[in-house]
Amino acid sequence: MGSRLRLPHEVANHWETVSDVLCHVKWSPMDLISAIDKIRQSSYMKVKDMPCESRFSGLWNFLKDASNVGGNPNLFWGDRGFSHHNPDSFVKGWFLYHTVPFIVQLVMDMPQTFPSGLSFLNTTDDHIQERCLTKHQCASLLACSFFAAFHHSAAPKKKTINFDGIFISLNKNCPQNMAKLCMIMNYFERCRLKMYNESQPVMIYRLHNLSPYSGGSWAANTSLLTKFTVDSNGSINDAGCDSLHGDFANRWIGGGVLNKGSVQEEIMFSICPELLTTIHICNVMNDNEAIVITGAEEFSVHKGYSRELKFIGNAPETAQGAISRVAMDATRFRETRLT
């Protein structure tokens, strides 16, 4: 299994726990927190013994005023929506009673969604490796992460590929993760209604054996840069659908997005959650590698940076399929003098 991501249904006893928990609940705030906690205890080897409402006190405080909701389930957020990092009780109730059952179904369908499993994109001697995931497969992987359903043996080289780190850090005055939670909620609600494009691909390429470099070799290089334009207006997300977006990444792609991180890379992965699937299948990048993702959609609008990060609302559903994002391990030159 070393070359494959071990999916939840491929761990027999663990999958029994996941299935049993998800098939026997009614979705109140405490039901959701209890389900995540029970599955999390099955996923990890060592879990501190404490009540789930204490472990997830921040998530509980966020959801506890959720109201029972009616309305047409064919409407996005019941035609209400939310555009603030602290949604009202109606939106929280809508998420519990309409969106969460959809997330559960994505988890339960994993054996059919990945009948042949899923392999890592590992470093090899090949110049390019690629993996194609449908948007439905991306949503299924992220649904398992939402419920902390990836077993500790799923990707042993990684600290985690589950979302529980985001939820637990809500206990610790971590406003940026409140924004991430809202972005996750918005992503799954939009998926719930927009799975008409579920077969649309998200392509992930791992480029290997790029030319090695060092500070000295860059300083001695006399080659001219290709022509480029510097535009002070707008942001990277306004660059258009045929643009290439740069991710000055952690060597573990995604950086601290599944914990408290909320700078350039983590924000990109939060507003475009399909990028998070690279965390599932890509191990550490070498200096002569890059990872390119094409087809990941922007779902949320944000403002701010680091602890000031805030969810502003749903991103317009424009043509985004041509956008590619290239992740390269950012090298520190602070101690290197180029003369």
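The values are calculated or read from the model by the stated rules, or taken from the named source; none is laboratory data. Computed from a predicted model, the values in this text were never measured in an experiment. Please note: Cβ atoms are built from the backbone with ideal geometry, for glycine as well, and neighbour counts cover all protein chains shown. The area values use the complete protein model at the heavy-atom level, side chains included, leaving out ligands, DNA and RNA. Shrake-Rupley method; radii C 1.70, N 1.55, O 1.52, S 1.80 Å.
Computed quantities for the displayed model
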{"item": "Residue list for segment 264-287, restricted to those being open to solvent by less than 10 Å² (accessible area, probe 1.4 Å), part of a loop (DSSP other than H, G, I, E, B) and more than 15 Å from residue 310 (Cα to Cα)", "result": "285"}
{"item": "Selection count, segment 145-159, where residues are in contact with a Ser or Thr (Cβ under 9 Å, 6 or more places away or on another chain) and surrounded by fewer than 20 Cβ atoms within 10 Å (Cβ to Cβ)", "result": "1"}
{"item": "Tally of residues being under 24 Å from residue 316 (Cβ atoms) and either in contact with a Phe, Trp or Tyr (Cβ under 6 Å, 6 or more places away or on another chain) or surrounded by fewer than 16 Cβ atoms within 10 Å (Cβ to Cβ) (or both) across segment 247-263", "result": "1"}
{"item": "Filter pass, residue 237 being among the polar types (S, T, N, Q) and assigned to a loop (DSSP other than H, G, I, E, B)", "result": "no"}
{"item": "Filtered residue count, segment 72-88, keeping only those that are within 25 Å of the chain's Cα centre (by Cα) and farther than 14 Å from residue 194 by Cα", "result": "10"}
{"item": "Flag if residue 170 is at pLDDT 95 or above and in a helix (DSSP H, G or I)", "result": "no"}
{"item": "Hits in segment 64-75 - residues which are open to solvent by 60 Å² or more (accessible area, probe 1.4 Å) and either free of Cβ contacts under 8 Å to residues at least 12 places away in the same chain or hydrophobic (A, V, I, L, M, F, W, C) (or both)", "result": "72, 75"}
{"item": "Any hit, segment 114-136, residues being open to solvent by less than 50 Å² (accessible area, probe 1.4 Å), small (Gly, Ala, Ser) and outside any strand (DSSP E or B)", "result": "yes"}
{"item": "Count - residues of segment 179-193 that are open to solvent by 10 Å² or more (accessible area, probe 1.4 Å) and either in contact with a strand residue (DSSP E or B) (Cβ under 7 Å, 6 or more places away or on another chain) or within 24 Å of residue 44 (Cβ to Cβ) (or both)", "result": "1"}
{"item": "Every pair of residues 6+ apart whose Cβ atoms lie under 7 Å, when the first sits in segment 146-158 and is in a loop (DSSP other than H, G, I, E, B) while the second is at pLDDT below 90", "result": "152/45; 157/283"}
{"item": "Pairs, first without any contact (Cβ under 8 Å) to a residue 40 or more places away in the chain in segment 79-94, second hydroxyl-bearing (Ser, Thr, Tyr), C-beta under 7 Å, six or more apart", "result": "89/67; 90/67; 93/67"}
{"item": "So residue 304, is it modelled with pLDDT of 90 or more and over 16 Å from the mean Cα position of the chain (by Cα)", "result": "yes"}
{"item": "Long-range neighbours under 6 Å by Cβ, at least six apart or interchain, first residue open to solvent by less than 30 Å² (accessible area, probe 1.4 Å) within segment 5-32, second of a type in the set (D, E, K, R) and part of a helix (DSSP H, G or I)", "result": "21/38"}
{"item": "Given (1) open to solvent by 40 Å² or more (accessible area, probe 1.4 Å); (2) within 23 Å of residue 178 (Cβ to Cβ), number of the condition residue 44 does not satisfy", "result": "(2)"}
